[in-house]
Amino acid sequence: MNVTHPPQEKVERARNLIAGRWELSQSTRFGDVYNPSTGAVIAKVPMSTAGDVDRVVQAAAAALPAWAETPVVERAQVMFRFRELLARNADELARSVTREHGKTLTEARASVQRGVEMVEFACAIPSLIMGQTLPNIAGNVDCETVRHPVGVCAGITPFNFPAMVPLWMFPIAITCGNTFVLKPSEKVPLTSVKLGELLIQAGLPEGVFNIVHGDAECVNALLTHPLVRAISFVGSTPVARHVYETGSQHGKRVQAAGGAKNHLIIMPDADVEQAVKAIQGAAYGCAGERCMAGSVAVPVGNIADRLVDVLCDSASRMKVGPTDQGADVDMGPVITPDHLRRVSGYLDIGRKEGATIALDGRTIEKQGDGFLLGPSVLDRVEPAMKVASEEIFGPVLSVIRVADLEQALALGKNCAYGNGASIFTRSGWAARQFKHHFNAGMIGINVGVPAPMAWFPFTGWNKSFFGDLHIQGNEAIFFYTQQKVTMTRWFESPQESHQDPVWRSGKM
């Protein structure tokens, strides 16, 4: 029997960025970084030690005083230069995302663009960070508020968006006057390295932005380090809970975005063809590896049979294959061989629980040794099944049939998660009921993926988010700054009364 082996690529070795210098970790443990399209190992990533983390955090702390005192306009100018470098290198960044994650090049380019928009938002921070003033709030007393940076901030990012999610975090944090430590996913460290290189080119001072690679040991060292003041996290719900609880116990601000089980409600009056296009993009875009993926389709009433038929026919014609050579495909591989086995296993779990495999993505014709799985549909799923309640994070769509909108709303009420949900309808009344009553933080009306853009917060609910201030938008500025209130009074002469005008008694 002939045995084929994945093609070998040049194996890189990821380095940490410490005070403007790229350095090898002290660790003796390394992980593999795959090209998911070929199955080849393309890099080794160090599992940095607590000692590595301390050196990185100390570098960020040393850079903090000077950077915090740098005028906000000058900090924004660095972001303007960074934005131009991102635009100039957008295609290279997208190809890096495709190579280490497996997204199609179109998806990778779109994710880079979403990240660029966050940098554009950060460029406007001089106008967004301004405080408030009220002269003569009491007799000859003026009051003002000013926002200050919180200190050293850390970002712990997932594998599914190697460029976009880090760009959700550090541009705002840095422009607000903080220094930053990025811990990218050990599965996709290479794109973050490119972002660090571009920040250096943009003229960011040494130590303001740093990178440390690693796994749980590295994460826990950041969560407990006394000099880290704020933690931003995106990943699975169990880890998000751990990050929130551990970071909070150690006195840090934490925003931790977790997993999801997003519902797509299809009303009987919906345009089936248009709904299927949106559902297909929501369920199978980025191979289903995103926290805003539409993972549960909920046809209402007699639309179910037709919807499932049209959906399976359309999804079965999607082109699935390697993405690293720019091939014209609709969907690429999942991230690792272990993840491929995990996601594929949910099809068997669903069948054992009583669901019907209406479309089996395991039957696609494989090309090479990449981690490929085609679009899959599990029909006649019941709410109590694992495939209805657990985050699969892959191209598997569950279909739960319900009789009316009230039952559809009940699915959201009983769901542990609460990231997003969408409805497809021509009825303003149904859309309004859904918008007001579905138990999720991000709502779409005839929109498949209701993920907000940079100017609005990413508002997950329930077990999809732990913390108070969300990622993106003005909430991110509030998260990365702390507010100071100053009351001012000046005396014209020593003879003036020193009675406190704020606390003086008055008529009731």
For this session: In debye, nearest 20, what is the charge dipole magnitude of segment 379-467 about its Cα centre with +1 on Lys and Arg Cβ and -1 on Asp and Glu Cβ, if you could check?
Result: 180 debye
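Once the other residues with Cβ under 12 Å from the Cβ of ILE445 are scored (Lys, Arg +1; Asp, Glu -1), what is the net sum? Don't jump to the answer; show the numbers that get you there.
Details: positive: ARG426, ARG432, LYS435; negative: none.
Around ILE445, the surrounding residues sum to +3.
Mind checking the dipole of segment 61-155: about its Cα centre, +1 per Lys or Arg Cβ, -1 per Asp or Glu Cβ, Debye to the nearest 20?
In total the dipole reaches around 380 debye.
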Exercise. Gap in Å between the Cα centre of segment 350-409 and the Cα centre of segment 61-83?
Worked result: 47 Å
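Summing +1 for each Lys or Arg and -1 for each Asp or Glu, what net charge is found among the other residues whose Cβ lies under 9 Å from the Cβ of VAL399?
Here the count lands on +1.
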For this session: For segment 47-199, with all protein chains present and a 1.4 Å probe, just round the carbon and sulfur fraction of the accessible area to a whole percent.
Result: 55 percent
Exercise. About its Cα centre, how strong a charge dipole does the chain have in debye, to the nearest 20, once Lys and Arg get +1 and Asp and Glu get -1 at the Cβ?
Worked result: 340 debye
Exercise. When the convex hull of the C-alpha atoms of segment 167-250 is computed, what volume per residue in Å³ does it have?
Worked result: 97 Å³
Problem set entry | Rounded to 5, percent antiparallel among DSSP beta bridges of the chain | 40 percent
Exercise. In deg cm²/dmol, rounded to 500, what helix-only [θ] at 222 nm does the chain give when every DSSP H run of at least 4 residues adds -39500 (n - 2.57) and the total is split over its residues?
Worked result: -11500 deg cm²/dmol
For this session: For the pairs LYS183/LYS277; LYS277/LYS386; LYS366/LYS435; LYS319/LYS463; LYS194/LYS463; LYS352/LYS435, note any where the Cα-Cα span goes beyond 30 Å.
Result: LYS183/LYS277; LYS366/LYS435; LYS319/LYS463; LYS194/LYS463; LYS352/LYS435
For this session: For SER493 paired with ARG426, estimate the spin-label separation in nm (one decimal), with each label point 7 Å from Cα along the Cα-to-Cβ line.
Result: 8.1 nm
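Apply the a/c threshold of 1.5 to the C-alpha gyration tensor of segment 146-298 and tell me whether it is rounded, prolate or oblate.
Judged from the Cα gyration tensor, segment 146-298 comes out prolate (a/c at least 1.5, a/b above b/c).
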Exercise. Going by average Cβ neighbours within 10 Å, how do the peptides 282-290, 457-465, 11-19 rank, with the highest at the top?
Worked result: 282-290, 457-465, 11-19
Seminar exercise, completed: Given 211-222, 154-165, 413-424, 55-66, the highest-first ranking by average Cβ count within 10 Å works out to 154-165, 413-424, 211-222, 55-66
Exercise. How big is the Kirkwood radius of segment 1-118, worked out from every pair of different alpha carbons and given in Å to one decimal?
Worked result: 17.3 Å
Exercise. Between SER236 and SER127, what length in nm is gained on full extension when 0.36 nm per residue of separation is reduced by their alpha carbon distance?
Worked result: 35.8 nm
For this session: Would you kindly compute the Cα radius of gyration of segment 394-458 and its largest Cα-Cα separation (Dmax), both in Å?
Result: 12.3, 37
For this session: Roll a 1.4 Å probe over the protein chains and send me the accessible area per residue for the chain in Å².
Result: 43 Å²
Problem set entry | Computed over segment 32-188, Cα set: Rg, Dmax in Å | 19.3, 73
Seminar exercise, completed: Taking every other residue with Cβ under 12 Å from the Cβ of GLN77 and scoring Lys and Arg +1, Asp and Glu -1, one gets +1
For this session: Could you name the aspartates and glutamates whose alpha carbon sits less than 14 Å from that of LYS252, not counting residues in the same chain fewer than 8 places away?
Result: ASP468
Problem set entry | Tail fraction, Cα-Cα pairs, segment 421-508, threshold 15 Å, whole percent | 74 percent
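The values are calculated or read from the model by the stated rules, or taken from the named source; none is laboratory data. This structure is a prediction, so every number in the text was calculated from the model and none was measured. So basically every Cβ, Gly included, is an ideal-geometry build from the backbone, and we count neighbours across all protein chains shown. We work out accessible area using only protein heavy atoms, side chains counted, and drop any ligands, DNA or RNA first. Shrake-Rupley method; radii C 1.70, N 1.55, O 1.52, S 1.80 Å.
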